[in-house]
1. Across bins of 5 angstrom width beginning at 0, how are the C-alpha pair distances of the range B:4-129 distributed, in whole percent?
2. Taking every pair of Cα atoms in chain B, average 1/r, invert it to obtain the Kirkwood radius, and report Rg/Rh to two decimals.
3. Divide by every residue of the protein assembly as shown the summed helix terms, -39500 (n - 2.57) for each DSSP H run of at least 4, and state the resulting mean residue ellipticity at 222 nm, rounded to the nearest 500 deg cm²/dmol.
4. Over chain B, calculate the relative contact order: mean separation of alpha carbon pairs under 8 Å at least 6 apart, over the residue count, as a percent.
5. Pairs of Cα atoms under 8 Å, at least six residues apart: use those to get the relative contact order of the range B:34-112, whole percent.
6. How many Å² of accessible surface get buried when B and A come together, counting both sides, probe radius 1.4 Å, rounded to the nearest 100?
7. Can you give the mean number of other chain Cβ atoms that lie within 10 Å of the Cβ atoms in peptide A:82-91?
8. Distance between Cα centroids, the range B:459-524 to the range B:320-399: provide it in whole Å.
Amino acid sequence: MGFESKLPETGVITTTLEQVVNWSRKNSIWPLLFGLACCAIEMITTGTARHDIARFGSELFRASPRQADLMIVAGRVSNKMAPVIKRLYDEMAEPKWVIAMGICASAGGPFNNYAIVQGVDKIIPVDVYVPGCPPRPEALLYALTMLQKKIETEHLRDHNAPKQTELGVLLPDTSDLPPLPGA
Amino acid sequence: MTDPILALSNRFPDAVLETGDASGVPSVTVASDHLLDVGRFLRDELGFDLLSNLTVVDQLKLPPVQKTADARFVGVYHLRSVARDGELLQVKTPLPGGDNPVAPSVTGIWPGANWHEREAYDLFGVRYEGHPDLRRILMPDDWPGHPLRKDMPLGGERVPFSVTWDDDEFKMLGRQIMQPEQTPQAIPKGMDSRHMVVNMGPQHPSTHGVLRLIVELDGERIVNVEPDIGYLHSGFEKQGEHVRYKDFVYYTDRMDYVSAMQNNLSYVLAVEQLLGIEAPPRAQGIRVIMAELQRIAAHLVWLATHALDISGTGHALLMYAFREREEILDLFEMACGARLTTSYMRIGGVSDDLPPAFIPRLVEFLDYMDARLDEYRAMLEKNPLWRKRLEGIGPLSKKDAIAMGVTGPMLRGSGVAYDLRRARPYCGYDQYEFDIPTSDLGDSYGRYLVRMAEMKQSVRILRQAAAMLPEGDYLLDDPKIVPPKRDLLDQSMEALIHHFKLYTEGVTPGPGEVYRAIEAPKGEMGFYIVSDGSAHPYRLRIRTPSFANLQSIAMLSKGHLFSDLVVIIGTIDIVLGDVDR
């Protein structure tokens, strides 16, 4: 086999911890099992025999957000669904990634109206956007490999600090509070 | 058989305000204070037992000559008689109350009106007096206003025509920028907090989409189920009133996204009836081929997910069913280049002729599909688990099914041989030989048998359609409606003018209204279109089968075990894009 034939006789190789962690992370990205609209049907198709997402280590669609690494937002996000998606995202453990599948999840698509959020990136951060209405299964697989490339280049320290405070947008501004009475 | 309008006028001379004809459908306008009496008479004595569609039209911007009475809002009811081959009657009633309309609730006559009236309340603000539980159904509870009223804007965001990366809107691109609003959840009306109330969804995978169920349990037994829908509400109806007739074909794909061809067909047939045209014979043959292929594909998705939910052998069946579905999608791709969202139908025909390799490939597919269906049946029906989990689960009687407005395989699974392809043939369905499978079991197993038999019948129709597909044009030759073909534009100035006019102004049917429905894989799918003579529909109402069928879930699941709820969701066969629109 390829790997074993390259091992030195001692069986020891040297690498960085970061590389090993990234290597294992990128080859077992478990998506969250949930779909929204048309794109979800193509997402299911990606998991079936012809396209076989298992070739990329992502066939384990987890029904619990606690066990999932990747959220594939497959379909249009309505105003009523948006809080649910945000909550699911928050429930996922770090490190986590998001693919916005299709034009609706990316930018609202043909539904520029009262009911639909114009892109899921208004509520959660997105790593890879996939164009298409819906994207073909091949396009989703390509997005997955793009995400793998991205994970390869990540640093352990990226996942150290909580994302929300780093951006400084979710914490309220406390600098201009009036003094409390009696203080 | 008596003429329903004549019978009504004789019986209620004061109530009938106006009679007419809506593109071939008899239409009668009655005063709203007589609506309940008229409704009861129509149901009990004239046999209009199925309420197909209930909606409201906001007449605010309608030209005065077209207005029904002086009221701002008009209630529109489409009634069918199952016994008389789905004979259709349109009843309209002007609603008193001006901007704050009131209507009598018809839930006492047709219980299936419940959700339709809640939807009309949600989207138009019509208060139905006597409704058991009038509250919002699609929009979030804290939503201000009623989006389908004509004085409400379409909403959405301005689309910039030129952007640079320095623009403000890109500053936060891909970052978490706002907290969505969260409304507090309460136990629904009618549920008892002494029982355990469990939330299911909207993310749970077995709900086949973003359906949320609030389940009241006594131990393992279901006491009540309250579906909370609208998580995929996309404003199709409002959007349809802001695009041209031609352009809405693309939207219809995205409603019941596992049966795009059927949605296309339903819409273009409605517009064609409004325009008073009919597609050429070859186009009709192609449409039947596509519609039946789509029916098999949609039923395969149902079978795959249903089996995945229930049985230990489920995962294998998912792979098999999707293997066959891929073959159908390949056929679609040959014809129109798309797999899922096909947009293949056009007003007046189909977008392209079939490629020469299509029919041989189709015949090849049909040859093995028949045998594959038997393989699935052997896998499932010889499995005791499969039978135990379906038999006797979710019983629905004939009477209840019709009263709830349930259609499609659900209705036929309760023993009613009602199929619009036979009852009201369209696209030349009367030329093909096929049976309408029914089952008297009335449970999930009966519905399973009906859907399996329907796939077999679709294969039978497809064989005939492939053999007798007529030669000729695939698009209507009418330059006022159908854009001229590309090669004509280089030769004819007239064709160029027609092309320009069609793409700048669009098709403009005369003032009028139409309700046209087809037998989609899940049941009756209809479009009700009101035209004010412009290039956009004035009112576009979509009657989707999943919405009406899902309403029966509480009735089906009472007294069963909690784990049977997954079976019942599967057997109703919903697609949330179809429920929420």
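The values are calculated or read from the model by the stated rules, or taken from the named source; none is laboratory data. Because the structure is predicted, anything quoted here is derived from the model rather than measured. Positions of Cβ are backbone-derived with ideal geometry, glycine not excepted, and every protein chain shown enters the neighbour counts. Calculation scope for accessible area: heavy atoms of the full protein, side chains included, ligands and nucleic acids excluded. Shrake-Rupley method; radii C 1.70, N 1.55, O 1.52, S 1.80 Å.
1. Taking every Cα pair in the range B:4-129, the percentages come to 2, 11, 22, 26, 21, 13, 4, 1.
2. Expressed as Rg/Rh, it is 0.96.
3. Values: 27 runs with 281 residues, N = 764.
One gets -11000 deg cm²/dmol as the mean residue ellipticity at 222 nm.
4. On the way: 1083 pairs, mean separation 98.1, N = 581.
Reported relative contact order: 17 percent.
5. Numbers: 121 pairs, mean separation 24.5, N = 79.
Contact order relative to length: 31 percent.
6. Chain pair B/A: roughly 4700 Å² of buried accessible area.
7. Working: counts 7, 6, 8, 5, 5, 3, 2, 1, 1, 1.
Average per residue, whole number: 4.
8. 25
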